[in-house]
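A.B. asks: Okay, here's the structure, questions in a sec.
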Amino acid sequence: MAGTWVVVDQRDGNIRKVTFELISEAKKYGEVAAVLFGKGVEGLAPEFAKYGADKVYVCDDDLFASYNTGAYVAQLEAMIKEYSPNAVLFGHTVNGRDFAARLAQKLDAGLATDAIDFELSDGKGVFTRAIYAGKALAKVEVTGNPVLATIRAGVCEVVEADGAGEVIKPAIVATADDVYQVEKEFAPTVSARPELTEAEVVVSGGRGCKGPDGIKVVEELADLLGAAVGASRASVDSGWLGHELQVGQTGKVVNPNLYVACGISGAIQHLAGMSSSKYIAAINTDPEAPIFSVADFGVVGDLFKVIPLLIEELQK
Amino acid sequence: MKVLVCVKQTFDTEAKIELKDGKINDAGINLIINPYDEVAVEGAIQLKEKKVAKEVVVVSAGADTAMDAIRTALAMGADRGILVKQDVDADEYARAVALAEVIKKENPDLILAGHVAADDGSSQVPTRIAEILGLPHVNVITNLEIADGVATVDCEADGGTATYEVKLPAVISSQVSWNEPRYPSMKGIMQAKKKPVETVDAVAVENKVKVLEYALPEAKTAGIKIEDDPEVAAPQLADWMLNTAKIEVVK
């Protein structure tokens, strides 16, 4: 058994936290290797050893400068054949799920995506998946060599551990012919706030914000808490916040330490996207709002009055 | 240009999920086109209205009831449909194999689908179809322009927006924010009844992923609820945030 591989999710040297979460979790099953793609990225290798990576496969080439499915899949497929890992894990990010799905089909293999819990054994993995955006859970078994899965960000703890971090440079077998998507441009989200799916605290605004002024109140609280801003469908449909911030069944599923729902009634689609948060606070004028049925701490009141006072208290 | 759209019939997103005999209970559930696929249908129809596409074919793999999803797409403006009869328990691999078989015969210039289904949340089928057919693919698009056999797409990316170019034929999957799907008009619904829909059986392949069990998440219980003046409630909420949820305030 050649251990578990964690495919690194990075752009311009910024490694997504889910990578470290997966290395930490995979460590429980013996040998762990990080698989790093990029251009001029070898200097990142020691980062993975800090969380216990025994090996770091570094695929450094112009072809891998930015994510493209074709070249990445061709390279990883060849490496899997050469080194025979027991399992290959990806973060369930935009790139991770794209990469994993194409690789799985190329290997004629099964794949568990967006798992929130897992257990690995030789040639087999059992994964818990949240289906219907978390309204139900499915426990699934994936067999294969390797076992393939994408794991949701934030479900595993990051634990520092000593790893040898031995750098291995596999032969680059991908070629320019493998590239079929060309990234012409990347526009990073300009925000000082953390990303919605990775944030420790999320403060969301809904219909009760009544407009951009209400959203500003919510944003002010978010910034005080170092939080990401989220949205309900109502505030996205009203154009107050972008769809990329929508939490719920046709948006993102989040599981922060604290979720603060401001002026959100709690439609079932929204609850599906945030109910797994560790702590939930809600502020809403309607005492009967369904959001209170999942809130650990609810305040029946007008967010325009409650939030400014809350900010004042928190600043004390 | 011929555009083929894959649609999946899913539970209404308002549906409450219950179990019966260890399986997801579909009794009394309103079925809809997966909202992400509905956006793909709309995108295809807009291409036809812009005279970029000549024909829009809708394909759905699933139970007989999936015919309703096809009829809805036809009522929106698609030209014809294909129902691939397949067990509802087919996994992403089996679904992709079945759809790819039909797509190969249709030989479209562009294959559209939602990037994820609102029920299983897997995000696999469009990408798998592309691999089976040996076609380029790009996922989670929020805009699409086609010129000279090349699709230029804006995609939701991790931490931003990426613009990609892919050569057609290709598989392209949509994010819900791409467009606002139309409601079928009464005329469209009438016309849809006369539009041709072919029914075929899915290629028989074994699932790769085995479902061991379904469960419902532990129901969250309501905690403290304060119905008092904001002056009284706000300090209590602050105290709870700091001492129970243990958040840190940015100085």
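A.B. asks: When the residues of the range B:215-251 are filtered to those that are in contact with an Asp or Glu (Cβ under 6 Å, 6 or more places away or on another chain) and in a helix (DSSP H, G or I), which remaining residue is nearest to residue A:129 (Cα to Cα)? Step through it out loud before you land on a result.
C.D. replies: Keep residues of the range B:215-251 that are in contact with an Asp or Glu (Cβ under 6 Å, 6 or more places away or on another chain), which gives B:223, B:234-235, B:238.
Cutting the leftovers down to in a helix (DSSP H, G or I) gives us B:234-235, B:238.
Numbers: B:234: 37, B:235: 38, B:238: 34 Å.
If we take residues in the range B:215-251 being in contact with an Asp or Glu (Cβ under 6 Å, 6 or more places away or on another chain) and in a helix (DSSP H, G or I), then B:238 is nearest to residue A:129 (Cα to Cα).
A.B. asks: A further question follows. Among A:96, A:38, A:3, A:30, which is the only one that is in contact with a helix residue (DSSP H, G or I) (Cβ under 6 Å, 6 or more places away or on another chain) and either under 29 Å from residue B:207 (Cβ atoms) or in contact (Cβ under 8 Å) with a residue 12 or more places away in the chain (or both)?
C.D. replies: Values: A:96 fails: in contact with a helix residue (DSSP H, G or I) (Cβ under 6 Å, 6 or more places away or on another chain); A:3 fails: in contact with a helix residue (DSSP H, G or I) (Cβ under 6 Å, 6 or more places away or on another chain); A:30 fails: in contact with a helix residue (DSSP H, G or I) (Cβ under 6 Å, 6 or more places away or on another chain).
Result of the check over A:96, A:38, A:3, A:30: A:38.
A.B. asks: Check the range A:24-40 and report whether any residue there is under 16 Å from the mean Cα position of the chain (by Cα) and not charged (D, E, K, R).
C.D. replies: Looking for residues that are under 16 Å from the mean Cα position of the chain (by Cα) and not charged (D, E, K, R), one finds at least one in the range A:24-40, hence yes.
A.B. asks: Give the number of residues within the range B:136-158 that are in contact with a strand residue (DSSP E or B) (Cβ under 6 Å, 6 or more places away or on another chain) and either open to solvent by 30 Å² or more (accessible area, probe 1.4 Å) or within 30 Å of residue A:192 (Cβ to Cβ) (or both). Step through it out loud before you land on a result.
C.D. replies: Going through the range B:136-158, the residues in contact with a strand residue (DSSP E or B) (Cβ under 6 Å, 6 or more places away or on another chain) turn out to be B:136-145, B:150-156.
Imposing the further condition that a residue be either open to solvent by 30 Å² or more (accessible area, probe 1.4 Å) or within 30 Å of residue A:192 (Cβ to Cβ) (or both) reduces the set to B:138-143, B:145, B:150, B:152-156.
Adding up the residues that qualify gives 13.
A.B. asks: Now a separate question. Here are A:158, A:201: which of them is under 22 Å from residue A:27 (Cβ atoms) and among the hydrophobic types (A, V, I, L, M, F, W, C)?
C.D. replies: Exactly one residue qualifies, and that residue is A:158.
A.B. asks: Could you grab me the full set of residues in the range A:276-316 that are polar (S, T, N, Q) and either within 19 Å of residue A:211 (Cβ to Cβ) or out of contact with any strand residue (DSSP E or B) (no Cβ under 9 Å at 6 or more places or on another chain) (or both)?
C.D. replies: Within the range A:276-316, A:284, A:285, A:293, A:315 meet the criteria.
A.B. asks: Which of the residues belonging to the range B:118-135 are of a type outside the set (Asp, Glu) and surrounded by fewer than 24 Cβ atoms within 10 Å (Cβ to Cβ)?
C.D. replies: Answer for the range B:118-135, where residues must be of a type outside the set (Asp, Glu) and surrounded by fewer than 24 Cβ atoms within 10 Å (Cβ to Cβ): B:121, B:122, B:132, B:133, B:134, B:135.
A.B. asks: Determine which single condition residue B:176 fails, assuming it passes every other condition in (1) open to solvent by less than 70 Å² (accessible area, probe 1.4 Å); (2) more than 8 Å from chain A (Cβ to nearest Cβ); (3) within 23 Å of the chain's Cα centre (by Cα).
C.D. replies: Single failed check for residue B:176: (2).
A.B. asks: Which count do you get for residues in the range A:275-314 that are under 20 Å from residue B:242 (Cβ atoms), among the hydrophobic types (A, V, I, L, M, F, W, C) and either in a helix (DSSP H, G or I) or open to solvent by 20 Å² or more (accessible area, probe 1.4 Å) (or both)?
C.D. replies: Of the residues in that region, 7 qualify.
A.B. asks: Continuing with the same structure: Out of the residues in the range A:41-57 meeting the condition of being of a type outside the set (D, E, K, R) and without any contact (Cβ under 8 Å) to a residue 60 or more places away in the chain, tell me which one is farthest from residue A:16 (Cα to Cα).
C.D. replies: Within the range A:41-57, the match that is farthest from residue A:16 (Cα to Cα) is A:43.
A.B. asks: Answer with yes or no whether residue A:122 is surrounded by fewer than 19 Cβ atoms within 10 Å (Cβ to Cβ), closer than 21 Å to residue A:277 by Cβ and not aromatic (Phe, Trp, Tyr).
C.D. replies: Details: surrounded by fewer than 19 Cβ atoms within 10 Å (Cβ to Cβ): yes; closer than 21 Å to residue A:277 by Cβ: no; not aromatic (Phe, Trp, Tyr): yes.
Here the answer is no, as residue A:122 does not meet what is asked.
A.B. asks: Quickly run through the range B:18-51 and pick out the residues that are open to solvent by 50 Å² or more (accessible area, probe 1.4 Å) and outside any helix (DSSP H, G or I).
C.D. replies: B:18, B:19, B:20, B:21, B:23, B:26, B:27, B:28, B:30, B:31, B:50, B:51
A.B. asks: A follow-up question, please. Take the range B:197-214 and flag every residue that is closer than 30 Å to residue A:119 by Cβ and in a loop (DSSP other than H, G, I, E, B).
C.D. replies: Selection gives B:205, B:206, B:207, B:208.
A.B. asks: Failed condition for residue A:107, given (1) open to solvent by 10 Å² or more (accessible area, probe 1.4 Å); (2) within 25 Å of residue A:255 (Cβ to Cβ); (3) at pLDDT 95 or above, with all others met?
C.D. replies: (2)
A.B. asks: In the range A:22-39, which residue that is out of contact with any Asp or Glu (no Cβ under 7 Å at 6 or more places or on another chain) and not aliphatic (A, V, I, L, M) is surrounded by the most Cβ atoms within 10 Å (Cβ to Cβ)? Before the answer, list the steps.
C.D. replies: Just the residues of the range A:22-39 that are out of contact with any Asp or Glu (no Cβ under 7 Å at 6 or more places or on another chain), to begin with: A:22-23, A:25-30, A:34-37.
Of the ones still in play, those that are also not aliphatic (A, V, I, L, M) are A:25, A:27-30, A:37.
Values: A:25: 24, A:27: 19, A:28: 13, A:29: 18, A:30: 13, A:37: 27.
My answer is A:37.
A.B. asks: Let me ask something additional. Can you tell me which of B:72, B:127 is away from every other protein chain (no Cβ under 14 Å), in a helix (DSSP H, G or I) and hydroxyl-bearing (Ser, Thr, Tyr)?
C.D. replies: None of the others qualify; the one that does is B:72.
A.B. asks: Among the residues of the range A:155-165, is there at least one that is open to solvent by 50 Å² or more (accessible area, probe 1.4 Å) and over 23 Å from residue A:3 (Cα atoms)?
C.D. replies: Within the range A:155-165, not a single residue is open to solvent by 50 Å² or more (accessible area, probe 1.4 Å) and over 23 Å from residue A:3 (Cα atoms).
The values are calculated or read from the model by the stated rules, or taken from the named source; none is laboratory data. Computed from a predicted model, the values in this text were never measured in an experiment. All Cβ positions, even for glycine, are placed from backbone atoms using ideal geometry, and neighbour counts span all protein chains on display. Remember, those area values only see protein heavy atoms, side chains included, never the ligands or the DNA or RNA. Shrake-Rupley method; radii C 1.70, N 1.55, O 1.52, S 1.80 Å.
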